[in-house]
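Everything below concerns the one structure shown next.
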Amino acid sequence: MSKIVMALDQGTTSSRTILFRDSGEIVARVGAPLECRYPQSGWVEQHPEEIWSSQQQTITEALAKAGRTMADVAAVGITNQRESTIAWNHETGEALGPAINWQCRRTTDFCEELKQEGFDRVLRCKTGLVTDPYFSGTKMHWILQNTPEARKLADSGKLCFGTVDSWLVWKLTGGRVHAIDISNASRTLVFNIDTCTWDDEILARFGIPRETLPEVKPSSGVIAEVDSRLFGGSAPIAGIAGDQQAALFGQACFQPGMCKNTYGTGCFLMLNTGSERINSEHGLLTTIGWQLGDTVTYALEGAVFIAGALIQWLRDGLELFEDAAQTEAMATTIPDSGGVYIVPAFVGLGAPHWDPYARGTIVGLTRDTNRNHLVRAALEAIAFQSTEVLRSMTSDTGHLSTLRVDGGAATNNFLCQFQADLLGLPVTRPQVIETTALGAAFLAGLATGVWRDQDQIQSLWQEDRTFTPKLERSTADPRLAEWSRAVERAKGWIPSTSV
Ligand code: ADP
């Protein structure tokens, strides 16, 4: 029997386990839903024990489905929702309260305080991130301030902080190992991405004792063995990366200049910048992609807030069609969008505009606009927004060689073709679209000899289709200019007092 590698993909809305053959093929895939709770406006929480039990359930079911046991698994890889923060008691293993989800805005006031002091500049310089409630550090600060038991345990050296990867490693090892991988550490706002260590100046400002933090590990390498009592056998936990970084690895974007874009609810773009840390002039984040051996690979990251969500809105809000898959045929029944542009600034605009006061806008309507035009303009908007982030990446680095795409909306051929047309670069979609899980599997299998090296992994990555640019620049550039005019109309729509 060929070796199998297990990827645990712990996301915001589900926990999944996927088993891969050493050929990269999927043997079994099982998912379990996971709930978020919203106890107050802007607060988002999850239950740490539910995160674990849902993951545990999918591990058991995936092994059963494949007719294998944990002892048959050559390596376990973990990829996870990033930034979400959990605190637990080192002695009992019990979580102290909820997991504070990455979406939770409860630390907005503390972030404002840091900005007023000018500490945001220290954070940007040392961590590559912006001062925002999104990241873990201010959530840890909140837990210490608001959970008396956490404070007490911290004072007696018995508090553990962790991100979701740390929590899963803790659970999988029966409470023996408190670790985090470097890509997850780089999302905490307390990790120095130049020295690759927890930063004492930041920890002091946040009041976080260093000993509460996990040990930082490379993304590929054996960290520990799965406790044999859990699944009737043991296997090495050998690779970890945050979800976006894992997708970049799963897309085999190993060279500087290679970029991936995940077209889901929003778009997540990540560009490999190699061993060089690049600071963005456009508000993009600088982050760690992964560490293999002693070599750290850096990345630039940008997000588009509303992408596939715009398609959902056309489906559920305007009821223009029943299934997102219909949009490709609708968009191609007409030669163009008839001059219609939709700027889906439902929650403001992210990089490179950073305008929280922008709101959604449809411009260019005429008497003969029909729903196909709206659908086409919506798909185009996803590509326009991604192009703006990609152009920012190019002007920060001077280098974008390849774009590889994944995520639910990347199945849309019209969207991929239009993306290639706007960028003037080929866009490639892989056969295995589960790039996040595949990345975690690659990292783990690489550490245990399932795969020899990155060259071998590169050869496992198989393309489904490449979209080559068909539009002349003399047509594409004016379209980009028109898009910019539409964006100007969406900007600053609501009064600044209302955000
Ligand atoms: P997420 O992981 O963010 O929930 P997925 O990667 O599962 O998202 O992608 C789902 C999103 O992609 C939805 O917002 C949906 O509207 C959109 N989508 C799915 N299929 C298509 C399609 N064929 N064309 C355009 N958009 C699509």
Which residue is nearest to the ligand (Cβ to nearest atom), if the candidates are limited to region 299-348 and must be polar (S, T, N, Q) and open to solvent by 10 Å² or more (accessible area, probe 1.4 Å)?
Gln312
Going by the conditions given, is Leu374 buried (at least 20 other Cβ atoms within 10 Å of the Cβ), outside any helix (DSSP H, G or I) and of a type in the set (A, V, I, L, M, F, W, C)?
no
Every residue in region 376-385 that is closer than 15 Å to Leu425 by Cα and within 13 Å of the ligand (Cβ to nearest atom), please.
Ala383
Do any helices (runs of 4 or more DSSP H) entirely within region 197-265 hold 2 or more residues that are within 16 Å of the ligand (Cβ to nearest atom), and if so, which?
243-250
What pairs come up if the first residue lies in region 255-268 and is surrounded by 24 or more Cβ atoms within 10 Å (Cβ to Cβ), the second is in a loop (DSSP other than H, G, I, E, B) and modelled with pLDDT of 95 or more, and their beta carbons are under 6 Å apart, counting only those six or more places apart or on different chains?
Lys260/Gln251; Lys260/Cys253
Between residues in region 297-325 that are without any contact (Cβ under 8 Å) to a residue 40 or more places away in the chain and residues that are basic (Lys, Arg) and open to solvent by 10 Å² or more (accessible area, probe 1.4 Å), which pairs lie under 9 Å by C-beta distance while being six or more apart or on different chains?
Glu322/Arg315; Asp323/Arg315
Inspect all residues belonging to region 420-435 and state whether any of them is under 14 Å from Glu25 (Cα atoms), of a type in the set (S, T, N, Q) and either open to solvent by 60 Å² or more (accessible area, probe 1.4 Å) or in a helix (DSSP H, G or I) (or both).
yes
For Asp464, which of the numbered conditions (1) in contact (Cβ under 8 Å) with a residue 12 or more places away in the chain; (2) open to solvent by 10 Å² or more (accessible area, probe 1.4 Å); (3) touching a helix residue (DSSP H, G or I) at 6+ places or on another chain (Cβ under 8 Å) fails to hold?
(3)
Between Arg404, Arg391, which is in contact with a strand residue (DSSP E or B) (Cβ under 8 Å, 6 or more places away or on another chain), away from the ligand (no atom under 14 Å from the Cβ) and of a type outside the set (A, V, I, L, M)?
Arg404
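The values are calculated or read from the model by the stated rules, or taken from the named source; none is laboratory data. Predicted model, so just to flag it, every value in this text is computed and none were measured. We place every Cβ from the backbone using ideal geometry, glycine too, and count neighbours over all the protein chains shown. What goes into the accessible areas is simple: the full protein's heavy atoms, side chains included, and nothing from ligands, DNA or RNA. Shrake-Rupley method; radii C 1.70, N 1.55, O 1.52, S 1.80 Å.
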